[in-house]
Amino acid sequence: MEPTTTPTSTTRFHFKRWQAVLLSIVAMIIIFFLLFDWNWFRHPLEKYISDKTQREFTISNLDVDIGMTPTVKLKDVFFANADWSKSGDPMAKIGSLEFSVSLRDLWEHKIFVPRAAMSQADLVFEKGEGDKRNWVLQKPEDQQKSSTFRISSISVDQGRLRYFDHAEPFEVDIQASTFVPTATVQVTDAKAKADNTRYTTRYEFKGKFHEAGFSGDALTGDVLSFKESNIPFPIKGRLNAGTTRASVVGTIADVAAITAIDVQLDISGKTLANLYPFLLLPLPASPPYEFHGRLIQKGNRYGIDDLRGIIGTTDMAGSGAYVKQSPRPLLTGKLHSKLLNIADLGPIIGLETKDTHSTPTGTGTTAKPLQAETSTRAQAQAKERATGGDKILPTGTTAAKGSGILPSGKFEGGRLKAIDAEVDYSAASLKAPNALPVENMKFSFRLHDAVARLTPLEFGFAGGRIVSDITIDARQEKVLRSEFNVDFRNIKVAQLFPTMPNIAKGVGELGAQVRLKGTGNSIADAAAHADGSVSAAIAHGRISNLLDAIAGLNGGKALGLLITGDKDIAVNCGGAYFGVKDGIGSSQLFVIDTEQTRVDGSGTFSLRDEVFDMNVVPRPKKPGILSLRTPVHLYGSFRHPEFGLDKGKIALRAAATIGLALLNPLTALIPLIETGGGKETDCRALLAPVQGAQLQAKSKATSAPKGSAPAPVSRSTVASQAAASAPARPASRAASATTAR
């Protein structure tokens, strides 16, 4: 009987047969790919990429290792640059390039490269005007649909990258090498979280930013994320730019676009002026500085938290931010100091002090930037003085006139157009030159559309306050327009000269106002062309011992000639008012009223030449009180005043002193010397007859018949009102003059 085959055994036989066939096919495919010359695809690949990018692409050899993450190997890669490139070099020349690709992630429209390695690479990245970038190979509409691209690990041997930003301008040349060649894949798929706890790649770089040279080195981690900003990328680096030193430790994200930074920043240097090419912010040629803080960048905002440091001997703390925006970047900051040394920051307004010996200057926008020459502070000042001319940094220059006391440091208006700023600063205490009684300071600085304002700039000074509102308008091409509104409030005269013990015996409060508008590129130039007024008032004072104390000061002896006697004499009120036109001040009021005498004066001063010429005359309220009644001539420069007796002068007319011209200026000054609480100065008593005369004039004008012109108020009328309420005086000017002689 013949054996029979069952259906089960037949099925099993056919399955094994097909299994063998399939295995054979797979084996043949594997053998085919193993033996296949992938260079057959080289020319089609070159043509495809060249046609797609409109740039030449060539390779000398192509090979592929098959697997779930196939590895592509290329030799002698050449990729041409964009047609608008200015470098003259191809975008890429790579001796050897190999990279692996995750096939699984391709189904999710993600390109994940677990590993890439290159040797003898020379890459050129360029950024042109507008949105031109030579590494962007797609049209804008295609970029929105593009796959995310991420590289896990890069190994570089003898690599070079050059980056040019022609719009900034900025250029950098980077040499890179991986010092852990065995670094392998740190991420297994595109969704995994990268581990960047190691530094694996070393960089050395050099370049220029706005013509300022720099160099340095850095260490980075494995993972480079070009389009996913949530992947941290560790970095540790050092930067040298002339005398400036900076270091960072932290992470960045999105290496190609730099969308986020979180690093600890340390920076130091010989002078802040050398930072201008990097910040585009006009900074003074300060003493050496050192700052530390945490730098955080999100989008277009670069912020520094927990900023702390020192400039010279001045400490600084606070926070700040730099925002890249149109039409101008914005700088913001809130800073404070425990101790501010004026000698450290005085150069910002062109102020020369004993500690600085000279003021900082600079080169203009058309000259080669000083910062590119790695200058120290002293070298910066010398270089700026030698080459600055009329186009210099807005940090001041030494006065052309050796005898001038007004800061003549020139401001470059063009640089105020480069940035907007909002900065608030306060100092708990100040160290000022020449023992000035400056106690504290605060200011609010606003720069917008080339108009800078310090509103307010406030000082604690001699027991009172100095409150300023300063505006500098740089919208004109060549000449700056300035406006200065300064109030001196409740200044204690006894504290103005703290080094003189006899001053403590003198009391009194001083108030003053400065209202000036001018044009010029320095404080001295603006003052030389200024219009406005300068006024001052004093009350609650006592003199005699005070005069003895200040007799050694410039001009002090001249005041000592006005009033004699050994006893303290009360000062009822004193006031001065000068109208200023084109830098020339003319007195409209000058009077000091005491218990026993009144001093009248008149004269002029020149802010252009920094000189003055005054005549003052003592007028006793009782004959015989003063032995000296000859007019005194005060003259000379602001720095070196002189005085002398002018016996040929005729005494000033008393009626011309206490007149309506006194009322408005002195009335405006009274609030600056009254302390509040119902306490009034004797200036109000001095003004009483003048105000009475004015009221009488108004009354006569009101009662006059309709159609008739109001009767003018003459100075003689006012004088007679004043004389009626004042103590007895000499009967006539002639008698007074005779007595004086």
Inspect all residues belonging to region 209-216 and state whether any of them is at pLDDT 90 or above, surrounded by fewer than 16 Cβ atoms within 10 Å (Cβ to Cβ) and touching a strand residue (DSSP E or B) at 6+ places or on another chain (Cβ under 7 Å).
yes
Between residues in region 43-56 that are in the same structural domain as Lys93 (by TED's automatic domain parsing) and residues that are of a type in the set (S, T, N, Q) and in a helix (DSSP H, G or I), which pairs lie under 8 Å by C-beta distance while being six or more apart or on different chains?
Glu56/Ser50
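Just checking, which of Val255, Val263 is more than 20 Å from Glu422 (Cα to Cα), in contact with a strand residue (DSSP E or B) (Cβ under 9 Å, 6 or more places away or on another chain), at pLDDT 90 or above and buried (at least 18 other Cβ atoms within 10 Å of the Cβ)?
Within the list Val255, Val263, the selection yields Val263.
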Name the residues in region 588-612 that are within 20 Å of Leu516 (Cα to Cα) and either surrounded by fewer than 17 Cβ atoms within 10 Å (Cβ to Cβ) or of a type outside the set (Ser, Thr, Tyr) (or both), would you?
Gln588, Leu589, Phe590, Gly603, Thr604, Phe605, Leu607, Arg608, Asp609, Glu610, Val611, Phe612
Just a yes or no: is a residue in region 546-561 more than 22 Å from Leu634 (Cα to Cα) and at pLDDT below 85?
no
Provide a single number: the residues in region 435-455 that are among the charged types (D, E, K, R) and out of contact with any Phe, Trp or Tyr (no Cβ under 9 Å at 6 or more places or on another chain).
2
Within region 282-317, which residues are closer than 21 Å to His448 by Cβ, assigned to a strand (DSSP E or B) and of a type outside the set (Ser, Thr, Tyr)?
Arg301, Gly303
Of (1) touching a residue at least 24 places away in the same chain (Cβ under 8 Å); (2) within 20 Å of Val156 (Cα to Cα); (3) not charged (D, E, K, R), Ile59 fails just (1)
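The values are calculated or read from the model by the stated rules, or taken from the named source; none is laboratory data. Just so it is clear, the model here is predicted, and its values are computed rather than measured. When we count neighbours, we look across all protein chains shown, and the Cβ atoms used for this are built from the backbone with ideal geometry, even at glycine.
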